[in-house]
Amino acid sequence: MSCSRKSVGCLGIVEKMKYIIEIFYKENVFDAFGNETKKGVEEMGIYDVKKVNVSDLYAFDGNIEIKEIKEIAENILLDRVSQKYSINTETTKEKNLYLVEVWYKKGVTDMVAETTKKAISDYGLKKDINISTGKKYYIYCSLKQTEIEKICVRLLANPLIHEYKIKRGN
């Protein structure tokens, strides 16, 4: 017996899929949150950061298909005038770039996720999914990992409620 759909197993059991939607500003749009984050880093006495861009992350885990994820991104999460989106993409081949993802820890109330889930239901998609939200920081700099750690703990994440991971560009 062969299966034609990724989301349905050969025995008819629905497999849960995980998707991450990243919402970010178009290139010609000013990233005010990124600019404020850069100023916050400078207030810490760190001046080697050239630029910071910030995007919103939405993680979906459950019985949902890619076409529904695209529909959610385009019709619920996205401001088509100023933003673009990607799904499940890793984008770091640049030198002098750190990517920092900040997510709520399990057990911490994520109000943006709850609001998103309600908006999806109001839109008409009745799905059994878990949603969590986070931020992704693109930090363009030539800093050492220890300095990025310091920025994470003092500015980007509250260690009591957030977890974060750092990735470095090539």
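The values are calculated or read from the model by the stated rules, or taken from the named source; none is laboratory data. Remember, predicted model here, so these are calculated numbers, not experimental data. FYI the Cβ positions are ideal-geometry reconstructions off the backbone, even for glycines, and counts take in every protein chain you see. The accessibility values were calculated without ligands, DNA or RNA, using every heavy atom of the protein model including side chains. Shrake-Rupley method; radii C 1.70, N 1.55, O 1.52, S 1.80 Å.
Look through region 124-149, keep the residues that are charged (D, E, K, R) and over 21 Å from the mean Cα position of the chain (by Cα), and return whichever of them is nearest to A113 (Cα to Cα). Let's see the steps before the verdict.
Taking region 124-149 and keeping what is charged (D, E, K, R), we get 126-128, 135-136, 144, 147, 149.
Narrowing the set further to residues that are over 21 Å from the mean Cα position of the chain (by Cα) leaves 126, 144, 147.
Details: K126: 15, K144: 33, E147: 30 Å.
Per the stated criteria, the residue is K126.
Rundown of residues vs (1) open to solvent by less than 30 Å² (accessible area, probe 1.4 Å); (2) touching a strand residue (DSSP E or B) at 6+ places or on another chain (Cβ under 6 Å), yes/no style:
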site: Y98; (1), (2): yes, yes
site: G124; (1), (2): no, no
site: I139; (1), (2): yes, yes
site: L155; (1), (2): no, no
site: K165; (1), (2): no, yes
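Look through region 53-93, keep the residues that are within 16 Å of K135 (Cβ to Cβ) and among the aromatic types (F, W, Y), and return whichever of them is least open to solvent (accessible area, probe 1.4 Å).
Among those that are within 16 Å of K135 (Cβ to Cβ) and among the aromatic types (F, W, Y), it is Y58.
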